[in-house]
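Visitor: Below is one structure. I have some questions about it.
The values are calculated or read from the model by the stated rules, or taken from the named source; none is laboratory data. What you are looking at is a predicted structure, and each value in this text was computed from that prediction instead of being measured. Here Cβ is always computed from backbone atoms with ideal geometry, including for glycine, and neighbour counts include all displayed protein chains. What goes into the accessible areas is simple: the full protein's heavy atoms, side chains included, and nothing from ligands, DNA or RNA. Shrake-Rupley method; radii C 1.70, N 1.55, O 1.52, S 1.80 Å.
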Amino acid sequence: MCGIVGYIGESQAAPILLDGLSKLEYRGYDSAGIAVYDGDKINMSKAKGRLKVLSELTHDGATLPGSIGIGHTRWATHGAPSDVNSHPHFNESQSIAVVHNGIIENYLKIKKMLESKGYKFVSDTDTEVVAHLLDYYYKGNPLEAITKVMHRVEGSYALGILFSDNPDTLYAVRKDSPLIVGKSENGNLIASDVPAVLKYTRNVYFIENEEIAVITKEDMKFYNVYEEELQKESVKIEWDVEAAEKGGYEHFMLKEMYEQPKAVADTLNPRLKDGKIVIEELNMTEEEIKAIKKIMIVACGSAYHTGVTAKYILEGLARIPVEVDVASEFRYRNPILEEGTLVIIISQSGETADSLAALRMAKEMGSKVLAIVNVVGSSIAREADSVLYTWAGPEIAVATTKAYSAQLIAHYLLALKFAEVRGTVSEEELSELIEDLKRIPEQIEMLLGNREKIQKFANRYVAARDVFFIGRGIDYAISLEGSLKLKEISYIHSEAYAAGELKHGTISLIEDGTLVVALVTQEELYKKTISNVVEVKTRGAFVLSVTNTGNTEIEKNSDYTIYIPHTNKYFTNSLAVIPLQLFSYYISIGRGCDVDKPRNLAKSVTVE
Ligand code: G6P
């Protein structure tokens, strides 16, 4: 999604803004712009396309001198990607410049009101309304104008604002769209995400909903919407700059795939104590765990896919009924959350708009909400009743890999804990399961070692038109993720199907040479899935099977087989996902796609 950076200090602002924006590129964008005050007026440069275009246009920022400025990468929502729709946006006299993340939902109404007062608009964006509305309310006191705008606009926003007649101060405000302030000796910064400021500081303030930051070179103050000053504590960011950089890998996605053994171990190990599972953050007594009648899992994208996997595991091991829903459906379908329902929201970023809305709705309906989140201090983490953090570290590539793997681990831990407390697994089974869990990091490492084999296979399928992923049970859940990975970074049409459903439609699409990826890791379902494999083979499909070591039977019906090492049947997704990720990655490279920043996609979807 869109990115915001702002700077005020002793240095030249433009190069810092461009550098900060480059750290937010992973979020996805289609245009970029910066505005800098030069001691007399605000100058602005903006351009459709990659940040490179803006850097060339401004000679790496040299054409915009000055030490206070704001910058933005835009991911179009209202108005097509274009130079004029890019941010920043000005008021008519160009004395106020604004960058905005989020959506102003009542912008048309406000625009009409402003037009009736003679305001002229140049773009199709909702953001331009904010610039003119600030102008409308501005009587010399920026803070007052900002709070008036906050009372008037509906929707979500993180804003960075410059006033040319208040040139020593940078303003920032947020509601339902993330924003942080970084304090450094060399000046202060605002940003929509931590990586943008890490080069300059690790001391960060998280701006909460409806809070305003008033920032000068040396100082910063925080206010609420009633202009009352607030006391805020800064947070020290522990992870280092390298964690958010490529570190010698060709792409972030590859680096993050290789970080999976660590992400999994870091999520797992702190919760294993003396052969037992201890999840202190859960904040639930044994009585509360026993009283759970139902679990409702809500998430988006790949996080939703980990939820689908979790359903099989929580039901299988802890014998608790589980429903899984995508957040954008859940929030508008008037769901029933009966007493005793535990709601689990899963999110890497902790900022996904639909997941956040689902969380708020569940809380309003009286349910306890547990969040599984990767970004510490994110909105979902802050608003949930309890948080189980995945310790995957910053994930930059749009296509998630290590956060997905860490989320799976969080689900395993929960399922085992619940099963233990509810007495649905024996002590012996539990210790075997824990032993299997402990082996996952090294097993992932081993599978990553197969990289070249998978690369060779992927090279043969670079020109594929359609790919189908099939599986039953947990293998169906992994099919969903395998298919999403492939389509999101390679733009090849792909579908995931519950293998038993094939004959109800999809099998009609199988032609000579169509690639079918069969997931066959559930021993009790081998025979069933193999008959589906035979069905597609008879119709000419080329079959790649992913199965457990030892299941050589499958080779009779597959053209290519990838084996995963032995683990418990509930944990196979953690291993089967590795070849699928590598396969998508190499197909994407073979097709010359932008692996880390696929077209039209965003890392963190902070708008509906
Ligand atoms: C976007 C990302 C996906 C992610 C989904 C949910 O679509 O590209 O990788 O799974 O959002 O994001 P979240 O941050 O809530 O896990």
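Visitor: Can you say whether Tyr412 is within 20 Å of Arg27 (Cα to Cα), assigned to a helix (DSSP H, G or I) and modelled with pLDDT of 95 or more, as far as the supplied structure shows? Please lay out each step first, then the result.
Guide: Values: within 20 Å of Arg27 (Cα to Cα): no; assigned to a helix (DSSP H, G or I): yes; modelled with pLDDT of 95 or more: yes.
Against the criterion (within 20 Å of Arg27 (Cα to Cα), assigned to a helix (DSSP H, G or I) and modelled with pLDDT of 95 or more), Tyr412 does not qualify.
Visitor: Condition first: over 19 Å from Thr538 (Cα atoms) and at pLDDT 95 or above. Can you find one or more residues in the stretch 498-520 that meet it? Lay out the reasoning, then the answer.
Guide: Filtering the stretch 498-520 for residues over 19 Å from Thr538 (Cα atoms) gives none.
Checked the stretch 498-520: no residue is over 19 Å from Thr538 (Cα atoms) and at pLDDT 95 or above.
So that you can scan it fast, the table gives a plain yes or no per residue for (1) in a strand (DSSP E or B); (2) over 22 Å from Val204 (Cα atoms):
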site	(1), (2)
Ser11	no, no
Ile16	no, no
Ala35	yes, yes
Ser45	yes, yes
Val53	no, yes
His59	no, yes
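Visitor: Do we have Glu452 as within 16 Å of the ligand (Cβ to nearest atom), out of contact with any His (no Cβ under 8 Å at 6 or more places or on another chain) and at pLDDT below 95 here?
Guide: Details: within 16 Å of the ligand (Cβ to nearest atom): no; out of contact with any His (no Cβ under 8 Å at 6 or more places or on another chain): yes; at pLDDT below 95: yes.
Criteria not met by Glu452.
Visitor: I'd like the residue in the stretch 570-608 that is closer than 25 Å to Ser355 by Cα, crowded, with 22+ Cβ neighbours inside 10 Å and of a type in the set (Gly, Ala, Ser) and, out of all such residues, is modelled with the lowest pLDDT.
Guide: Only one residue tops the list, namely Ser604.
Visitor: Now for a different question. Could you please give the count of residues in the stretch 455-480 that are on the phi < 0 side of the Ramachandran plot and open to solvent by 10 Å² or more (accessible area, probe 1.4 Å)?
Guide: The total comes to 13.
Visitor: If you scan the stretch 83-98, which residues turn out to be assigned to a strand (DSSP E or B) and open to solvent by 10 Å² or more (accessible area, probe 1.4 Å)? Full working, then the answer.
Guide: Going through the stretch 83-98, the residues assigned to a strand (DSSP E or B) turn out to be 89-90, 96-98.
Of everything in the stretch 83-98, just one residue is assigned to a strand (DSSP E or B) and open to solvent by 10 Å² or more (accessible area, probe 1.4 Å), namely Phe90.
Visitor: Can you name every residue in the stretch 352-379 that is assigned to a loop (DSSP other than H, G, I, E, B), open to solvent by 30 Å² or more (accessible area, probe 1.4 Å) and either within 15 Å of the ligand (Cβ to nearest atom) or closer than 21 Å to Thr309 by Cα (or both)?
Guide: Taking the stretch 352-379 and keeping what is assigned to a loop (DSSP other than H, G, I, E, B), we get 352, 365-367, 374-378.
Still in the list and also open to solvent by 30 Å² or more (accessible area, probe 1.4 Å): 365-366, 375-376.
Scanning the stretch 352-379 gives Val375, Val376.
Visitor: Shifting gears a bit: Every residue in the stretch 418-437 that is part of a helix (DSSP H, G or I) and surrounded by 15 or more Cβ atoms within 10 Å (Cβ to Cβ), please. Before you say what the answer is, go through the steps one by one.
Guide: We begin by selecting, within the stretch 418-437, every residue part of a helix (DSSP H, G or I); these are 418-422, 427-437.
The answer is Phe418, Ala419, Glu420, Val421, Arg422, Glu429, Leu430, Leu433, Ile434, Asp436, Leu437.
Visitor: Tell me the strands (runs of 3 or more DSSP E) entirely within the stretch 188-231 that contain at least 3 residues that are within 24 Å of Ile396 (Cβ to Cβ), assigned by TED's automatic domain parsing to the domain that holds Pro178 and at pLDDT below 95.
Guide: Working: elements: 203-206, 211-215, 220-223.
Ranges flagged: 203-206.
Visitor: Looking only at the stretch 310-329, decide whether some residue is open to solvent by less than 20 Å² (accessible area, probe 1.4 Å), within 13 Å of the ligand (Cβ to nearest atom) and in a loop (DSSP other than H, G, I, E, B).
Guide: Among the residues of the stretch 310-329, not one is open to solvent by less than 20 Å² (accessible area, probe 1.4 Å), within 13 Å of the ligand (Cβ to nearest atom) and in a loop (DSSP other than H, G, I, E, B), which makes the answer no.
Visitor: Among the residues of the stretch 507-528, write down those that are open to solvent by 20 Å² or more (accessible area, probe 1.4 Å) and assigned to a loop (DSSP other than H, G, I, E, B). Steps first, please.
Guide: Within the stretch 507-528, the first condition is being open to solvent by 20 Å² or more (accessible area, probe 1.4 Å), and the residues that meet it are 507-509, 511-513, 523-528.
Correct list: Glu511, Asp512, Gly513.
Visitor: Please work out if Gly307 is at positive phi, within 16 Å of the ligand (Cβ to nearest atom) and surrounded by 19 or more Cβ atoms within 10 Å (Cβ to Cβ).
Guide: Details: at positive phi: no; within 16 Å of the ligand (Cβ to nearest atom): yes; surrounded by 19 or more Cβ atoms within 10 Å (Cβ to Cβ): yes.
It is false that Gly307 is at positive phi, within 16 Å of the ligand (Cβ to nearest atom) and surrounded by 19 or more Cβ atoms within 10 Å (Cβ to Cβ).
Visitor: Ser349 passes all but one of (1) within 16 Å of the ligand (Cβ to nearest atom); (2) not in a loop (DSSP other than H, G, I, E, B); which number fails?
Guide: Every listed condition holds for Ser349 apart from (2).
Rundown of residues vs (1) in contact with a strand residue (DSSP E or B) (Cβ under 6 Å, 6 or more places away or on another chain); (2) assigned to a loop (DSSP other than H, G, I, E, B), yes/no style:
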| site | (1), (2) |
| --- | --- |
| Asp19 | no, no |
| Ala32 | yes, no |
| Thr63 | no, yes |
| Gly66 | yes, yes |
| Pro81 | yes, yes |
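Visitor: Only residues that are part of a strand (DSSP E or B), more than 17 Å from Glu523 (Cα to Cα) and not hydroxyl-bearing (Ser, Thr, Tyr): list them for the stretch 543-561, please.
Guide: First, the residues of the stretch 543-561 that are part of a strand (DSSP E or B): 543-548, 560-561.
Subset that is more than 17 Å from Glu523 (Cα to Cα): 543-544, 560.
Matches in the stretch 543-561: Val543, Leu544.
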